[in-house]
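Working notes, structure below.
The values are calculated or read from the model by the stated rules, or taken from the named source; none is laboratory data. All values reported here derive from a predicted model rather than from experimental measurement. Positions of Cβ are generated from backbone atoms using ideal geometry, with glycine treated the same way; all protein chains shown enter the neighbour counts.
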Amino acid sequence: MTIKLTLEGQLKLSIALILLIIVSLGCLWSVRDAKKNVREEADASVRLALTLIDASHLSGTLTPKNVQAWIGQIRALEKIRHLRIVASSFEGLDTTAQDTPPPARDGRVPEWFERAVMSAPIHATRDLPIGAERTLHIQIESRAADEIREAWDQTRGFMVLLAIFAVLVYVSVHLIAGRALRPVSRILRGLHQIEAGEYDTPLRAPDLPELHRIVEGINHLASTLKEARNENRALTRHSLTIQEEERRTLAKEMHDEVGQNLTAIKMMSAVIPESAENRDHAAREIQRLCDRLFHVVRSMIHRLRPMILEDLGLMAALEDLSDHWRSIAPALRISIDCHASLAPLTGDTGLEIYRIVQEALTNVVRHSGASEVKVSIKPTDSRHISLIVRDNGRGLIPDGPRRGFGLLGMRERVASLEGRFHLISEPDQGLEIRIVLPIKDALNG
């Protein structure tokens, strides 16, 4: 199972790893420097001992009588400079007690550090004449135990300071990162609220410019989603209201027109056998009522679904629609430009185009105050249709109040068909609707 760290966790882990690398490199450097210092100190001790031996020898002649005292003076350097000095014996000189055992290991120095800084001992020799015929052989060897202990004390202090520095840096980063990234937690909570459909509480913008822009984008997204949700709810209510109004209208027409006319036809047909004198009049009246019923039913069917679209195609249906609106608004000039290849279009695509044009002409008559409207329908390629409706009315006011659900309904209808909807308008410059729809039906005709 993969564990995913948060941004704050990744940042803190990265800083911790960097500090660990810095501390490790610092420790390696300090051990390397300590080894170098121990070596230099041992070398300096041996050279100093040789210098003192040479100077002491030059200051006076060694004889078998004074050599023992001179060796004691030279061996005193072992206590000062961490050396081992051995003088070789010759007849008449006892050196059995001259050698000293190596010092015991200091328990304060870790074994790993001692092994890390320990190097091979430095050796040096001197042959000094004793009288005329004898020679004293002096061997000098460095002993670095004391230097190692001093180096460890210095290295340990440096490591402690480096560790304290790393801890302080990490604590500072922890506090600063926690405070700086606190707005990220608020942003995540805001995104969860948006995911849950809660758009009413905007996020507080942080001081960081980058996060400030992100929060502004999220607040804009929430506002847009809230507006879209409210529009969808309003559109749904509007659709339900239209549906109920349509049902009431159909019920009223069925009752007032169809029901009453059928009742009248039934009554007249009942009196025809009884009255030969009124038979012709009753027949003509029944014929008139039937014509009236045919007109009412045809009007009802046309509102539910334009049968002319199924029978004659898109071009004929749009011409019939424009004739309808010319009868309602005689001053409005309506021109329909439908490409010949689309004239016989029926099916769902033809019906959707018809409904969009129907809604667009309704908006023009009710809201635009235009004197002319042009409708253009043509294929853009083998799979898409371009629909443009342009009027010369008052246009739309930017950020002005909505005047109905016509444009919203058209936009939602186009979106449901996976098409593109574009609106172009300026105050008093008319309105242009550009729509591109995919062709889902084969052209026939």
So Leu396, is it surrounded by 17 or more Cβ atoms within 10 Å (Cβ to Cβ), within 24 Å of Arg305 (Cα to Cα), touching a helix residue (DSSP H, G or I) at 6+ places or on another chain (Cβ under 9 Å) and assigned by TED's automatic domain parsing to the domain that holds Cys338: no
Residues of the stretch 200-218 that turn out to be in a helix (DSSP H, G or I) and in contact (Cβ under 8 Å) with a residue 24 or more places away in the chain, as a count: 4
Any chance Asp153 is surrounded by fewer than 17 Cβ atoms within 10 Å (Cβ to Cβ), of a type in the set (Asp, Glu) and touching a helix residue (DSSP H, G or I) at 6+ places or on another chain (Cβ under 9 Å): no
Checking Thr241 against (1) at pLDDT below 80; (2) assigned to a helix (DSSP H, G or I); (3) buried (at least 17 other Cβ atoms within 10 Å of the Cβ), the condition it does not meet: (3)
Enumeration of residues in the stretch 282-339 that are part of a helix (DSSP H, G or I), among the polar types (S, T, N, Q) and surrounded by fewer than 16 Cβ atoms within 10 Å (Cβ to Cβ): Gln287, Ser299, Ser327
Flag for Ile218 being in contact with a helix residue (DSSP H, G or I) (Cβ under 7 Å, 6 or more places away or on another chain), in the same structural domain as Leu11 (by TED's automatic domain parsing), at pLDDT 80 or above and surrounded by 15 or more Cβ atoms within 10 Å (Cβ to Cβ): no
